[in-house]
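Visitor: Can you read through this structure? Questions will come right after.
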Amino acid sequence: MPLAAEYEAMFQQLASQPAAPALSELPPAGGREMYRMMRPVEPDLAIGSVENCTIAGRQGDIPLRIYTPAGEGKRPVVVFYHGGGWVIGDLETADAACRDMANGLGAVVVSVDYRLAPEHRFPAAVDDSYDALCWADANRDSLGGDGRLLVTGESAGGNLAAIMCLRARDAAGPAITAQLLLYPVVDADMSRDSYRRNGEGYLLTTDTMQWFWDQYCPVDQRGNPDASPLRATSHANLPPAIVVTAEFDPLCDEGAAYAAALNAAGVAVQHTCYPGLVHDFFATARLFPCSRAAVDDVYATVKRAI
């Protein structure tokens, strides 16, 4: 399928403007500021309540932001890990997506502000993410949870969500109801064909992914399943998975490979590659009908699955 018309128009508009520096050419602080501009807070997106809090992790405090839809009753609890290549992104850049997800799933969403590289390299983000998951599990009742606990994340956040399921399984940790992996990074290998097809011109580039990995994880540790969950020795006995990929995304093939690995291990998995869309399409759900339709379809899939 061709690139969605909304994205085609956006890329044409960007091409007509003076070229901005590539993310891989910026220092981390500059990349973080650029990403905040790309994914601003949208306070007009109504939500029942938003609460900021800080929990004690093993390596220090971890900020969280908790989104609760309007209305009464208990709900699923969703632990959300933001994207940004483990280097950029924060509670602010994830705010609109978390508001939308809380409303769309009718769930309490706990957004995790894990430590970022290069100041805190691998496995700092993994450790913070697991501490936050354990906190959410221990506080299901006070969060208004109904007993169902999900993990999700976009891109690098999808990487962390997948790893949480492996770690919880191996450590007899929280019982996770389902994992929702949104265009996830699951392997440090960037030789798959989708990198050739989509590594330039569709927002996320091969150079940017290389920059993310170089900032985040030493080369000799990238095969560790806590960095590349596709390389886990076993994918058996993991929670049911919904794996979401986009046609024009360099990560498309590794997401499909992860879905296939889960399926081969006997895990219930639903994989959808959304045609015509690019990486990070949850960020444009309020702007583009093509993204809105895909996001709503993801929510419907999750509701059926749980």
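Visitor: Against the empirical 2.2 N^0.38 Å scaling, what ratio does the C-alpha Rg of the stretch 67-205 come to?
Guide: My calculation over the Cα atoms of the stretch 67-205 gives 1.07.
Visitor: Grab the eigenvalues of the alpha-carbon gyration tensor for the chain, scale each by 5, take roots, and send me the semi-axes largest first in whole angstrom. Display every interim value, and only then the final one.
Guide: Values: eigenvalues 140, 98, 81 Å².
Ellipsoid semi-axes (Å, largest first): 26, 22, 20.
Visitor: Once you mark the GluC sites (Glu not before Pro) that are in a DSSP loop and have at most 10 other Cβ atoms within 10 Å, what is the longest gap between them in the chain?
Guide: The answer is 120-306.
Visitor: Hey, got a sec? Which trypsin sites (Lys or Arg not before Pro) in the stretch 49-148 land in a DSSP loop and have at most 15 other Cβ atoms within 10 Å?
Guide: Values: sites: ARG58, ARG65, LYS74, ARG99, ARG115, ARG121, ARG140, ARG148; in loops: ARG58, LYS74, ARG115, ARG121, ARG140.
Listed in order of number, the matching sites are ARG58, LYS74.
Just so you know, all these numbers are worked out from the coordinates, no wet-lab data involved. Computed from a predicted model, the values in this text were never measured in an experiment. When we count neighbours, we look across all protein chains shown, and the Cβ atoms used for this are built from the backbone with ideal geometry, even at glycine.
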